[in-house]
Amino acid sequence: MHSFHYKDGSLHCEDVNLATLAKEHGSPLYVYSAHTFRDHYTRLDAALGDLDHHIAYAVKANSNLSILRLLNELGSGFDIVSGGELYRVLQAGGSGSQCTFAGVGKTRDELKYALENDIYCINAESIAELELINEVAKDLGLTAPVAVRVNPNVDAKTHKYISTGKSENKFGIDFELVSELYDRAAGFTNLNLRGLQMHIGSQLRSITPFIEAIERVAPLVQQLKAAHNIEFFSIGGGVGIIYDPALESGSPDWWAQQNDDELTIEKYATEIVPRLKKLGLRILLEPGRYIAGNAGVLLTECLYEKKGSAKTFKVVDSGMNDLIRPALYEGHHQIVPIREDQRTPLVKADVVGPICESGDFFCQDRDIADVQSGDLLALMSAGAYGFTMASNYNTRPMPAEILVDATEAKVIRRRQSLEDLIALEK
Ligand code: LLP
């Protein structure tokens, strides 16, 4: 479910009017629903039932300290990909022992930082990395808990930039080589072979690739359990979301309105749990988008309408620096007016930002609300990979972030000032 709906003629996040938030805090503005974050976490946790599991939220999706704190309070673990993300988890009250550390290019300093903070597991992606982890652990007088990320060579059928489980992708170690690698790594003095990890891609909207990957890797898990006593198998993240959520009054449960062949978290759990239970070890999951995606929107104000000979453009005050998904992955975000009376009639237009790039658009040739200068729009489902991928390109300050919880709205990150932008420069 999500918590954005029209009430009293205006789009609300939970009980807070988004028009009021824009007036108070300016535009562009990221707004998140605490309720949606909680609901998605607990829904996944419940769907997994009595499977021995640990949810390690993928911090990269949305790494604001207040969001991490909220998830930490629910009992979530964290999947991190940098020393910076570990720092965030620690600052939010979490610990290294709740974290798995992913990524193809961890540095010596990052490995040291992770080991000093009692990391639960480092997921290695090459023999060279295992050698370095062993060396760093030896220097620290520690044993490093490690897993290897296996590349199962399964097609996730998602956008090529977020597909990770094929052998031509840079991620993981070829399925065929993993067993031998564990035998070799077992000889390293300062490594503890704790688990096996995989992640085949992001925004998967079908269960089939997940099943294919689990079934392909399951015999390897069993073999490694017998030979090396591994304690966990991480199946990664990747569960996709709907980028066109329904927005009617009363927060409808939009999972319920999907077609039968679409992926719900319950269907995901129903299919994977029995297959994983058989393995008899701890299962880790690393959801990012599923938890955060539909929990946030990016509010933006229409600055100008511009009618050209070929197209109509709605120029808004937010750009690809604030939300890069359409430019980078041709990502689709539903775009709706804050004023309910502007939902119709629709006009065909491009919604574009102020950045000096032709790729700076949020939609092209789409039927959208006929907003004019001063009207507000919401780019829906921007809670994951929105703010975390934002930049200061064109020397644009990053938007503020607001967390709504029922009737309360808190600034969880203030808008950057121009002084912030040059603070580190000489
Ligand atoms: N685990 C690993 C090892 C990952 O690389 C990722 C995401 C996840 C878990 C979480 O995946 P999720 O559940 O969120 O699909 N910026 C792109 C998505 C990049 C995903 C990178 N890895 C986007 O905006 O679509």
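Of all residues in segment 116-132, which are among the hydrophobic types (A, V, I, L, M, F, W, C) and open to solvent by 10 Å² or more (accessible area, probe 1.4 Å)?
Step one: of segment 116-132, the residues among the hydrophobic types (A, V, I, L, M, F, W, C) are 119, 121-122, 124, 127-128, 130, 132.
Listed by number, the residues that qualify are Ile127, Ala128, Leu132.
Candidates Asp405, Asp341, Asp360, Asp365: the one that is on the phi > 0 side of the Ramachandran plot and modelled with pLDDT of 95 or more is Asp365.
Cβ separations smaller than 7 Å between residues 6+ apart or across chains give the following pairs from segment 384-396 residues that are farther than 12 Å from Ala327 by Cβ and open to solvent by less than 40 Å² (accessible area, probe 1.4 Å) to residues that are within 12 Å of the ligand (Cβ to nearest atom) and part of a loop (DSSP other than H, G, I, E, B): Ala384/Asn62; Ala384/Gly288; Gly386/Leu323; Phe387/Asn62. Identify the residue in segment 183-199 that is touching a residue at least 40 places away in the same chain (Cβ under 8 Å) and over 20 Å from Ile235 (Cα atoms) and, among all such residues, is most open to solvent (accessible area, probe 1.4 Å). Residue satisfying both the conditions and the ranking: Arg184. Kindly evaluate Pro274 against the criterion of being farther than 30 Å from Thr42 by Cβ and surrounded by fewer than 17 Cβ atoms within 10 Å (Cβ to Cβ). Against the criterion (farther than 30 Å from Thr42 by Cβ and surrounded by fewer than 17 Cβ atoms within 10 Å (Cβ to Cβ)), Pro274 does not qualify.
Checked against (1) assigned to a loop (DSSP other than H, G, I, E, B); (2) surrounded by 21 or more Cβ atoms within 10 Å (Cβ to Cβ); (3) of a type in the set (A, V, I, L, M), Ile355 passes all but condition (2).
Residues that are surrounded by fewer than 19 Cβ atoms within 10 Å (Cβ to Cβ) and touching a helix residue (DSSP H, G or I) at 6+ places or on another chain (Cβ under 6 Å) within segment 289-330 comprise just one, Tyr329.
Considering Leu421, Leu346, Leu377, the condition of being out of contact with any Phe, Trp or Tyr (no Cβ under 7 Å at 6 or more places or on another chain) and either more than 29 Å from Lys306 (Cα to Cα) or among the charged types (D, E, K, R) (or both) is satisfied by Leu421 alone.
Checked against (1) open to solvent by less than 20 Å² (accessible area, probe 1.4 Å); (2) away from the ligand (no atom under 16 Å from the Cβ); (3) more than 19 Å from Gly280 (Cβ to Cβ), Phe175 passes all but condition (1).
Look at segment 159-177: where a residue is in the same structural domain as Gln203 (by TED's automatic domain parsing) and a partner is part of a strand (DSSP E or B) and among the basic types (Lys, Arg), sitting 6+ places away or on another chain with Cβ atoms under 6 Å, you get Gly172/Arg149.
Output the strands (runs of 3 or more DSSP E) that fall wholly within segment 1-99 and possess 2 or more residues being among the hydrophobic types (A, V, I, L, M, F, W, C), or say none.
Numbers: elements: 4-7, 10-13, 29-33, 53-58, 77-80.
Counting at least 2 such residues, we get 10-13, 29-33, 53-58, 77-80.
Residues in segment 187-202 that are of a type in the set (A, V, I, L, M, F, W, C) and assigned to a strand (DSSP E or B) were compared, and the one that is farthest from Ile133 (Cα to Cα) is Leu196. Sub-8 Å Cβ pairs linking a first residue in segment 326-343 that is polar (S, T, N, Q) to a second residue that is within 16 Å of the ligand (Cβ to nearest atom) and open to solvent by less than 10 Å² (accessible area, probe 1.4 Å), at least 6 apart or interchain, are Gln334/Leu379; Gln334/Met380; Gln334/Ser381, ordered by first then second residue. Number of residues in segment 397-423 that are touching a Pro at 6+ places or on another chain (Cβ under 8 Å) and either of a type in the set (Asp, Glu) or crowded, with 19+ Cβ neighbours inside 10 Å (or both) equals 2.
Any idea which of Glu135, Glu168, Glu110, Glu180 is within 24 Å of Tyr87 (Cβ to Cβ), open to solvent by 10 Å² or more (accessible area, probe 1.4 Å) and either more than 16 Å from the ligand (Cβ to nearest atom) or among the aromatic types (Phe, Trp, Tyr) (or both)? Spell out how you get there, then give the answer.
On the way: Glu168 fails: within 24 Å of Tyr87 (Cβ to Cβ); Glu110 fails: either more than 16 Å from the ligand (Cβ to nearest atom) or among the aromatic types (Phe, Trp, Tyr) (or both); Glu180 fails: within 24 Å of Tyr87 (Cβ to Cβ).
Exactly one of Glu135, Glu168, Glu110, Glu180 is within 24 Å of Tyr87 (Cβ to Cβ), open to solvent by 10 Å² or more (accessible area, probe 1.4 Å) and either more than 16 Å from the ligand (Cβ to nearest atom) or among the aromatic types (Phe, Trp, Tyr) (or both), namely Glu135.
Only residues that are within 16 Å of the ligand (Cβ to nearest atom) and open to solvent by 40 Å² or more (accessible area, probe 1.4 Å) were counted across segment 74-87, and they come to 2. You will find that of Glu305, Glu231, the residue that is away from the ligand (no atom under 16 Å from the Cβ), modelled with pLDDT of 95 or more, charged (D, E, K, R) and over 30 Å from Pro28 (Cβ atoms) is Glu231 and no other. With respect to (1) within 26 Å of Ile291 (Cα to Cα); (2) open to solvent by 30 Å² or more (accessible area, probe 1.4 Å), the lone exception for Leu377 is condition (2).
The values are calculated or read from the model by the stated rules, or taken from the named source; none is laboratory data. This structure is a prediction, so every number in the text was calculated from the model and none was measured. Positions of Cβ are generated from backbone atoms using ideal geometry, with glycine treated the same way; all protein chains shown enter the neighbour counts. Note: accessible area is taken over every heavy atom of the protein model, side chains too, but ligands, DNA and RNA are not part of it. Shrake-Rupley method; radii C 1.70, N 1.55, O 1.52, S 1.80 Å.
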